[in-house]
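All remarks here apply to the structure that follows.
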Amino acid sequence: MIPFEDLLWVGFYAALAALIVAGVALGLLYVLRGRSVATQLVVVGAATVLATISGILVISFMMLLNDHDRAVVLAVVTAAGLVAMAVSVLLGRRLVAANRVLVEAVRAGRFEPPEVRLPAELAELSRELDAAYQRLAEAHRREQALEASRRELVAWVSHDLRTPLAGLRAMAEALEDEVVADPETVHRYHSRIRVEVERLTEMVDDLFELSRIHAGALRLSRRRVGLADLVAEAVAGAEALARAKGVRLRGDVREGLPVQVDTAELGRALRNLVVNAIRHTPADGTVEIIGDVRDGRARVTVADACGGIPEDDLPRVFDVAFRGETARTPGGGAGLGLAIARGIVEAHAGEIGVANAGPGCRFEVHLPLLALTA
Ligand SMILES: Nc1ncnc2c1ncn2[C@@H]1O[C@H](COP(=O)(O)OP(=O)(O)O)[C@@H](O)[C@H]1O
Ligand SMILES: [Mg+2]
């Protein structure tokens, strides 16, 4: 039996030798840190074998091993070491191959998660890549949709802005050349010019707002307000129009529903909804604006008596420059109102939607509600 103290010394020297080997190996791994995992695994394998061999050398120097035994042990360790190295190399090659599968999947352009079973870390990387590619594709789709709507807008501008301008020019020329002279027609021309200019101003203003929304440049200066105040303001702003059309306007909003919004912007969105509702409701019809809470969010409903929007048009009414057939009359809107309303509502992390209901349609705006006690 070997004395316990000797055993301690053996352990000490063996650990010391192993530490030296490990130090060299770590240095080597640092130098090779940019190389393939396969190469680095070979270093690890070699270091393991060398550490073992150095331990054996230690005990033979301490005369605990005779020449014969040392030769036997070295032979065994060398054989085992060679096998271990071979396993390292195999593992390294598998990792390299798995990695190449990933690289090729990425190179294919559209990332498809590889069918083969990957090591956990690479599998995670593959999942993340898949998610990233899906986000990329989604962003690309959005970008294309935006580009399409931008093109539509340019086409719109060149057509819808030119037509009224041509009319204005014709009227101005007729006045200038005194083609029209009787006071009544002159007066009519003047007031039509004023109305058209006002409409054009509104259109340019809407275009500007829409371009700010599209560019993501809408700066909201939010403050805490009650939903009732917002709705009351939108209703007040539309009262004259309603009276002129003989449409009844009814507002019913629960008091004390706090929202954090840019009052000017959101007021504009609500006004667009209310004005649309009045425009599409026949005389003697009713437009109702209701504010309440739905699924923990504030909800504003604008219900009219328009007779319903054609099912095919429902998903498109919020598109830029979309106008229903009946609205494509000269002097009608520009088809920007609802696109603006949606842009503003979404900038407030809200949602807007429409459905046919009762004698007409209902536009609903959902907004995050502030905590009632805050
Ligand atoms: N309250 C409503 N009732 C019926 N149809 C509506 C209503 N609001 C909007 N629409 C339809 O949606 C289209 C787009 O509306 P909008 O973006 O406000 O443009 P505009 O009012 O300039 O036509 C309208 O042309 C109309 O066909
Ligand atoms: Mg409108």
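The values are calculated or read from the model by the stated rules, or taken from the named source; none is laboratory data. Since we're looking at a predicted model, the values are computed, not measured. FYI the Cβ positions are ideal-geometry reconstructions off the backbone, even for glycines, and counts take in every protein chain you see.
Could you please let me know if Met171 is aliphatic (A, V, I, L, M), within 21 Å of Leu338 (Cβ to Cβ), in contact with a helix residue (DSSP H, G or I) (Cβ under 8 Å, 6 or more places away or on another chain) and touching a residue at least 12 places away in the same chain (Cβ under 8 Å)?
The answer is no for Met171.
Among Ala321, Ala305, Ala355, Ala334, which is the only one that is of a type in the set (A, V, I, L, M, F, W, C), crowded, with 22+ Cβ neighbours inside 10 Å and within 15 Å of ligand 1 (Cβ to nearest atom)?
On inspection, the qualifying residue turns out to be Ala334.
List the number of the failed condition for Ala334; all other conditions in (1) of a type in the set (A, V, I, L, M, F, W, C); (2) within 12 Å of ligand 2 (Cβ to nearest atom); (3) under 27 Å from the mean Cα position of the chain (by Cα) hold.
Looking at each condition in turn, Ala334 falls short on (3).
At least 3 residues that are hydroxyl-bearing (Ser, Thr, Tyr) in each: list the helices (runs of 4 or more DSSP H) lying fully within segment 1-119 that qualify.
Fully inside segment 1-119 and qualifying: 37-61.
For segment 182-203, give me each residue that is among the hydroxyl-bearing types (Ser, Thr, Tyr) and surrounded by fewer than 14 Cβ atoms within 10 Å (Cβ to Cβ).
Answer for segment 182-203, where residues must be among the hydroxyl-bearing types (Ser, Thr, Tyr) and surrounded by fewer than 14 Cβ atoms within 10 Å (Cβ to Cβ): Thr185, Ser191, Thr201.
Any idea which of (1) modelled with pLDDT under 90; (2) closer than 21 Å to Ala80 by Cα is the one Ala22 doesn't satisfy?
Result: Ala22 passes all but (1).
Write out, first by first residue and then by second, each pair whose Cβ atoms fall under 9 Å of each other, whose residues are 6+ apart or on separate chains, and whose first residue, in segment 306-326, is at positive phi while the second is modelled with pLDDT under 85 and surrounded by 12 or more Cβ atoms within 10 Å (Cβ to Cβ).
Cβ pairs passing all conditions: Ala321/Ser149; Ala321/Glu152; Ala321/Leu153; Ala321/Trp156; Ala321/Asp160; Ala321/Ala334.
Scan segment 344-374 for residues that are aliphatic (A, V, I, L, M), away from ligand 2 (no atom under 16 Å from the Cβ) and within 22 Å of Pro310 (Cβ to Cβ) and jot them down.
Ala355, Ala357
Which residue is nearest to Arg342 (Cα to Cα), if the candidates are limited to segment 252-292 and must be among the aliphatic types (A, V, I, L, M) and in a strand (DSSP E or B)?
Val261
Mind listing whichever residues of segment 332-373 are part of a loop (DSSP other than H, G, I, E, B) and either in contact with a His (Cβ under 7 Å, 6 or more places away or on another chain) or closer than 16 Å to Ser211 by Cβ (or both)?
Ala334, Gly335, Leu336, Gly350
Is it true that some residue in segment 280-288 is modelled with pLDDT of 95 or more and among the hydrophobic types (A, V, I, L, M, F, W, C)?
There is at least one residue in segment 280-288 that is modelled with pLDDT of 95 or more and among the hydrophobic types (A, V, I, L, M, F, W, C).
Can you confirm whether Val179 is closer than 20 Å to Ala339 by Cβ and exposed (fewer than 13 other Cβ atoms within 10 Å of the Cβ)?
Taking the combined requirement at face value, the residue does not satisfy it.
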